[in-house]
Every structure is written in structure tokens, then in C-alpha cells.
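All remarks here apply to the structure that follows.
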Amino acid sequence: MNLMSIDGVRVVAAGSGPTVVCLGGLGAGVASWEPVWNELGEFRRVAFDPPGVDGSPRGERRTTIAEITEIACTLLDELASPVTVVGYSFGGAVAQELARRRPHQVASLVLVATSTGWGSVPGPLPAALASQRWPRGRAAIDQAVSFLGWTSLPWLARLRTPTWVVVGSADVVVPAVNGWMMSWLLPAARLRVVPADHDGLVTVAAPAVASIIREAVAVQQLDFGCAR
């Protein structure tokens with residue numbers, strides 16, 4: 001396992017092969033990907049702790065979608081070659097932004113339990129609160145606030161990156177209807193339904209999600225010919 005730093009942000013890379021960059025949920029960093037990473041030993045897996053999370057100091061700025069996207073852009077520049085980007089929940093917003101800003105560096109995209117932000121369909125709050133292990137800390141609060149004012153609806157239909165949209169059939173935090181909507185808007189999308197709740201998609205259902213990631217990684221070797 002290799003450790004590196006980008007402006008004080010802790011980055012972890014493991015393994016070798018085609019590169020998969022993973023972006024976690026609210027207040028989550030590298031550790032949240034362990035169940036999925038354990039299933040993907042044939043790839044180089046890369047993730048980072050956002051400012052204020054685990055191994056990365058908070059710094060002076062708020063930990064917003066924009067700031068985390070800038071960090072991810074710098075990471076892509078360091079990695080040099082095209083990658084598959086996987087975004088879970090809040091990380092899916094960053095993944096969408098990353099594919100929009102760096103289409104020639106993101107070979108494929110996997111959006112897990114995420115949405116378009118503003119304009120999406122929320123889950124029933126009591127059920128969501130009961131199911132979700134809500135993160136604590138200022139970084140998570142900053143992320144949540146930035147997500148409330150963010151949306152990909154104005155430009156999502158122009159995002160031509162081959163995309164796998166993964167939804168949990170029992171997800172009450174980000175209902176599956178959001179995945180249906182995103183897969184309809186995205187011109188190069190494939191929808192996958194996994195029998196899991198929100199948290200389960202990156203824990204107990206990690207083998208199923210890893211299998212979908214393998215599908216996405218395969219396109220790194222292909223020329224899709226769509227706005228590349």
C-alpha cells in the first residue's frame with residue numbers, strides 16, 4: 001500500500017493494474033472502501049481522506065463539493081492515465097463533477113447510491129434517519145450543506161462518459177428512482193439494481209458492486225468514440 005499527499009490531503013493507493021479512483025460518502029474517506037477494495041485486488045485502487053476526515057487535516061476552507069473536486073482533479077493529474085471513477089452517495093456528486101471537468105481522464109464512471117442533488121427525489125426522513133449511520137464532525141456538515149445547493153441537472157445529459165448507475169433496491173436514503181432518472185438522462189448509462197440498502201451497497205453487497213466496477217474498468221481498454 002502506497003501513501004502520498006496532495007496539499008496535505010492523505011492519499012492511499014493499493015495494488016497494480018487499471019486504476020480505480022474511489023470517492024466516499026459524507027464524512028468518509030479511504031477506510032470506508034475496505035470491503036469493496038478487498039474484492040478488487042486485480043486493480044490499482046486509489047482513494048483519499050477529504051480535509052477534516054481521518055488522516056487529512058481540516059485546513060482553513062470549508063470541505064465542499066467544489067474543494068473536493070479540485071483535489072480529485074489534482075489527483076487525476078498525478079495519476080496521468082485514464083481511470084475509472086467510483087462515487088458513492090455524496091462522492092457521486094464529486095464523481096459527476098470530475099467527469100464533467102476532466103472527460104479525457106475519466107474513462108468510465110460508476111455512480112453508487114447517488115443522485116443529481118437539488119431536484120432529486122428524497123427518501124422519507126424518519127426511515128433515512130433510522131437506516132443511516134450519520135457522520136459527525138465539521139467536514140461532514142460542510143459536505144452536507146454544499147450538497148443541498150448543488151445539482152447536476154443542467155448538464156448531466158451532456159455527460160458522455162460511459163456510466164454505470166448502481167442503486168440499492170432497499171435504499172431509503174437515496175431512493176432507487178433517482179438512479180432511474182439519472183440513467184435516463186445520461187446518454188451512455190447502464191442501470192444496475194443491487195438487493196441492498198444504502199449502507200449495504202459498500203459493505204455486505206461489496207462483491208456485487210465490485211463486479212459492476214469490473215464491467216466499468218473494461219472500457220478503459222476500449223474506444224467508445226463518444227466525445228472522447
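Pick out the one residue from GLU67, GLU60 that is under 17 Å from the mean Cα position of the chain (by Cα) and at pLDDT below 95. Give the derivation first.
On the way: GLU60 fails: under 17 Å from the mean Cα position of the chain (by Cα).
Step by step, each of GLU67, GLU60 is checked, and only GLU67 is under 17 Å from the mean Cα position of the chain (by Cα) and at pLDDT below 95.
Out of everything in the range 39-50 that is outside any strand (DSSP E or B) and in contact with a helix residue (DSSP H, G or I) (Cβ under 7 Å, 6 or more places away or on another chain), what residue ends up being surrounded by the fewest Cβ atoms within 10 Å (Cβ to Cβ)?
The extreme case among them is GLU39.
Return the pairs, sorted by first residue and then second, in which the second residue is small (Gly, Ala, Ser), the first residue lies in the range 199-228 and is modelled with pLDDT under 95, the beta carbons are less than 8 Å apart, and the residues are 6+ apart or on different chains.
ASP199/SER131; VAL219/ALA107; VAL219/SER108; GLN220/ALA107; GLN220/SER108; PHE224/ALA188; CYS226/ALA188
Is it fair to say SER120 is out of contact with any Lys or Arg (no Cβ under 6 Å at 6 or more places or on another chain), at pLDDT below 90, among the hydroxyl-bearing types (Ser, Thr, Tyr) and assigned to a loop (DSSP other than H, G, I, E, B)?
yes
Inside the range 184-196, can you point out the residues that are assigned to a loop (DSSP other than H, G, I, E, B), surrounded by fewer than 19 Cβ atoms within 10 Å (Cβ to Cβ) and in contact with a Gly (Cβ under 8 Å, 6 or more places away or on another chain)?
PRO195, the sole residue that qualifies.
What residue, of VAL174, VAL167, is outside any strand (DSSP E or B) and in contact (Cβ under 8 Å) with a residue 40 or more places away in the chain?
Within the list VAL174, VAL167, the selection yields VAL174.
Of everything in the range 168-183, what is out of contact with any helix residue (DSSP H, G or I) (no Cβ under 9 Å at 6 or more places or on another chain) and buried (at least 16 other Cβ atoms within 10 Å of the Cβ)? Give them in sequence order.
Looking only at the range 168-183, we keep the residues that are out of contact with any helix residue (DSSP H, G or I) (no Cβ under 9 Å at 6 or more places or on another chain), and these are 169, 175-181, 183.
Correct list: PRO175, ALA176, ASN178, GLY179, MET181, SER183.
Please find, among SER32, SER108, the residue that is in contact with a helix residue (DSSP H, G or I) (Cβ under 8 Å, 6 or more places away or on another chain), closer than 26 Å to SER152 by Cα, of a type in the set (S, T, N, Q) and assigned to a helix (DSSP H, G or I).
None of the other options fit; the residue is SER32.
For the range 148-167, how many residues are surrounded by 18 or more Cβ atoms within 10 Å (Cβ to Cβ) and more than 18 Å from ARG101 (Cα to Cα)?
Here the count works out to 4.
The values are calculated or read from the model by the stated rules, or taken from the named source; none is laboratory data. Because the structure is a prediction, the values reported are computed rather than measured. As a convention, Cβ positions derive from the backbone with ideal geometry for all residues, glycine included, and neighbour counts pool all protein chains shown.
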